[in-house]
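To start, the structure itself, in structure tokens.
The values are calculated or read from the model by the stated rules, or taken from the named source; none is laboratory data. Keep in mind that this is a model prediction, so the values were computed, not measured. Cβ: placed from backbone, ideal geometry, glycine included. Neighbour counts: every protein chain shown. Surface accessibility is based on the protein's heavy atoms, side chains included, excluding ligands, DNA and RNA. Shrake-Rupley method; radii C 1.70, N 1.55, O 1.52, S 1.80 Å.
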Amino acid sequence: MRYRSCDNSTATNAPMNCLWRTDLEHYDLRMVPLYLCVTLAVVAVASGAPPKAGDVTKVALNSGTFMPIVGLGTSKVTDEREMEQTLDAALEAGYRHIDTATVYRNEHLIGKVLKRWLSEGKLKREDLFITTKLPLYAMRAADVPYFLNESLTKLQLDYVDMYLIHMPFAVKREAYSDGRFDDNGTDPTTDHLAIWKAMVAEKEAGRAKALGVSNFNETQIERIIKNSPVPPANLQVELHLYHQQKPLVAFCKKNNIAVTAYAPIGSPNAKWVVLSGRNLPDLFSLPEVKAIAQKHNKTTAEVLLRHTVQRGIIVIPKSSNPKRISQNIDIFDFALDDNDVATLDALDKGIDGKLFNMKGFAGAENHPEYPWPALRNTPQKA
């Protein structure tokens, strides 16, 4: 088996500018140079042949582990039959990275499918990369071991590959019930450092291979970096064509933190509204995206995902459609050229392109750790 490592300095032509290595396992990934660690791609391929779906590029984490650069998002999938069909289709297509969370209320469904695949010998545990998250109603240090154990029990696993703090703000336990949050239920006593220390203890105990945060801003991440010997290995944030998060990604690259994009193709099933209340077009219908898709004989979704992946950013698109699930991982046999990248880069709308302000979580915008101060007084989206 051969491995391919890609330097982000040549990311726009990644497949043509990769160096072959055969001894990558001998590298201490924590010592890999900064510019390589976030975007190190590891692809097992046959000589001269395009990568298979199961040979998905992986990103080297500062924890010393590898994270598949394409994963399956599972939020809002709570029907058992739908989850079974979705995960079966994904695993058959070559997905090995599955993203879930306590608040998705589907860990037990995912665990049931994974258990079947593992017990039937179709997969080994080390083949999988499973991410779950500490819920925002459990943002106390004492809650961390309890809720991680709950997740492991539901997933029927001994450890998760990535454990994230889902939100930087918190709500009171009693403000959450059956997937709903009461208004004005925020808990302002959130202590990120105490929570992170408890997370580190779980990593040291072997119940989480790597740790990270989700929806945190630069200030919040830097506070952890400066006060803990274990830095976050991953930041998961909303990131797509209209909200490319360039400053935040640069900050993470500087600090050796891999970035995962949720909603990487936008959110086709959600209402798109910018801060002014003006409707945004569906990213799939943008003429620039359609033209590039036609040029490469790819779907518009594949172009959007490829644009993000070429930046060394992990993507976790959601779909329950077997055809789209397969298409979303079929992005390793082409590359966007410099003109394609420049065209897509120019469509970034910055904060105006953000879809989710999280104000639906019990008055989150009033919490002292609400991560987007500029959005405090804007209309609620999600």
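Using a simple spin-label model with points 7 Å from Cα along the Cα→Cβ vector, what separation in nm is obtained for ILE225 and ASP88?
4.5
At 0.36 nm per residue, and after removing the present C-alpha to C-alpha distance, how many nm does the segment from GLU120 to ASN366 gain when stretched out fully?
83.7 nm
On average, how much accessible surface per residue is there in the range 117-261, in Å², for a 1.4 Å probe, leaving out ligands, DNA and RNA?
Heavy-atom accessible area per residue stands at 40 Å².
When the accessible area of the range 63-125 is split by element with a 1.4 Å probe, what percent falls to carbon and sulfur?
Roughly 46 percent of what the probe reaches on the range 63-125 is carbon or sulfur.
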